[in-house]
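Heads up: the structure comes next, in structure tokens.
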Amino acid sequence: MIGEVIKRLNGELPATVKLVAVSKFHPFEAIEEAYAAGQRCFAESRPQELLAKVKRLEEIRAERGEPDYMSDIEWHFIGHLQTNKLKMVLPYVSLVQSVDSLRLLEAIDRWGAANNKIINVLLECFISSDETKQGLSEQELTNILSDDTVYANVRICGLMGMATFTDDEEVIREDFQRLLDMQTTLHDWIGESPNVRPGCNELSMGMSDDYPIAVSMGSTIVRIGSMIFGERS
Ligand SMILES: *Cc1c(COP(=O)(O)O)cnc(C)c1O
């Protein structure tokens, strides 16, 4: 079942769109099933859960005596990240999609400097009309981009956003359009901000219920959970 959905999505998505399987709240066995169907990139939204899964994989490798088991798995972080939890997340992920404050960006940069790593990030933007969803406002995005401090240990790769939870396609399109407008703002800072470099073109938009709209509007990363793994308990 999991494998079938992965294969169907891969057949359907353009080659320019990266499928990220959102495995939060699902057991490691579900990840193994998706991996067996060819999925390599998984996303988690809670530091504790990410770390537990990373450790589980290490355990399985030790049990089997196969240090290379699932060695090309890739993790993204997509949830709210507190600055005191960075060490639970940053050693293990290839991309933090959910940088939603200058404070967090600064903290990630400091961690990167201390650990001699460059951390790939997306800036998470607030585009929906749902009160509960986090992300930067246009003003906060501009404040980050106009900050001329050099954050040498982060690489801003693009933007992420979540549309309003609704069946109204028009509302969803308007939300995604806001993210496209914010991407234009980001691109305007190439060569102006020391932290914005050419190629910061990733646009992470689209989830189980709205990814076809997101893809039609130029998404480069879709984050799909329940459609692959079923409802979360
Ligand atoms: C949970 C989550 C998803 C996946 O949502 P589904 O509707 O299950 O596909 C995508 N993005 C973020 C940021 C999430 O927290």
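The values are calculated or read from the model by the stated rules, or taken from the named source; none is laboratory data. These numbers come from a predicted model, not from an experiment. Cβ atoms come from the backbone with ideal geometry, glycine included; neighbour counts cover every protein chain shown. Protein only, heavy atoms only, side chains kept; ligands, DNA and RNA dropped before computing areas. Shrake-Rupley method; radii C 1.70, N 1.55, O 1.52, S 1.80 Å.
Conditions (1) over 17 Å from the mean Cα position of the chain (by Cα); (2) more than 30 Å from Gly230 (Cα to Cα); (3) free of Cβ contacts under 8 Å to residues at least 12 places away in the same chain, marked per residue:
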position	(1), (2), (3)
Gln139	yes, yes, yes
Asp148	yes, yes, no
Glu170	yes, no, yes
Leu179	no, no, no
Glu202	no, no, no
Ser219	no, no, no
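Considering segment 49-59, and only residues there that are open to solvent by 10 Å² or more (accessible area, probe 1.4 Å) and touching a helix residue (DSSP H, G or I) at 6+ places or on another chain (Cβ under 7 Å), the residue that is nearest to Val96 (Cα to Cα) turns out to be Leu51. Of all the residues in segment 108-129, those that are open to solvent by 20 Å² or more (accessible area, probe 1.4 Å) and among the small types (Gly, Ala, Ser) number 3. Please enumerate the residues belonging to segment 130-151 that are open to solvent by 80 Å² or more (accessible area, probe 1.4 Å), part of a loop (DSSP other than H, G, I, E, B) and polar (S, T, N, Q). Matches in segment 130-151: Thr132 only. One residue stands out among those in segment 11-31 that are more than 13 Å from the ligand (Cβ to nearest atom) and open to solvent by 40 Å² or more (accessible area, probe 1.4 Å): the one that is nearest to the chain's Cα centre (by Cα), which is Lys18. The listed residues are Ile31, Ile60, and the only one of them that is β-branched (Val, Ile, Thr), in a helix (DSSP H, G or I) and within 18 Å of Met1 (Cα to Cα) turns out to be Ile31. Pairing residues of segment 48-71 that are free of Cβ contacts under 8 Å to residues at least 60 places away in the same chain with residues that are open to solvent by 90 Å² or more (accessible area, probe 1.4 Å) and in a loop (DSSP other than H, G, I, E, B), at Cβ distances under 6 Å and at least 6 apart in sequence or on separate chains, gives Arg61/Pro67. Quick one: how many residues across segment 1-52 are touching an Asp or Glu at 6+ places or on another chain (Cβ under 7 Å), within 15 Å of Ile221 (Cβ to Cβ) and not hydrophobic (A, V, I, L, M, F, W, C)? So the count comes out to 1.
For segment 201-223, the criterion of a residue being open to solvent by less than 70 Å² (accessible area, probe 1.4 Å) and over 30 Å from Glu4 (Cβ atoms) is satisfied by no position. When you check Glu44 against the structure, is it open to solvent by 70 Å² or more (accessible area, probe 1.4 Å), among the acidic types (Asp, Glu) and within 16 Å of the ligand (Cβ to nearest atom), yes or no? Judged against the criteria, Glu44 is not a match.
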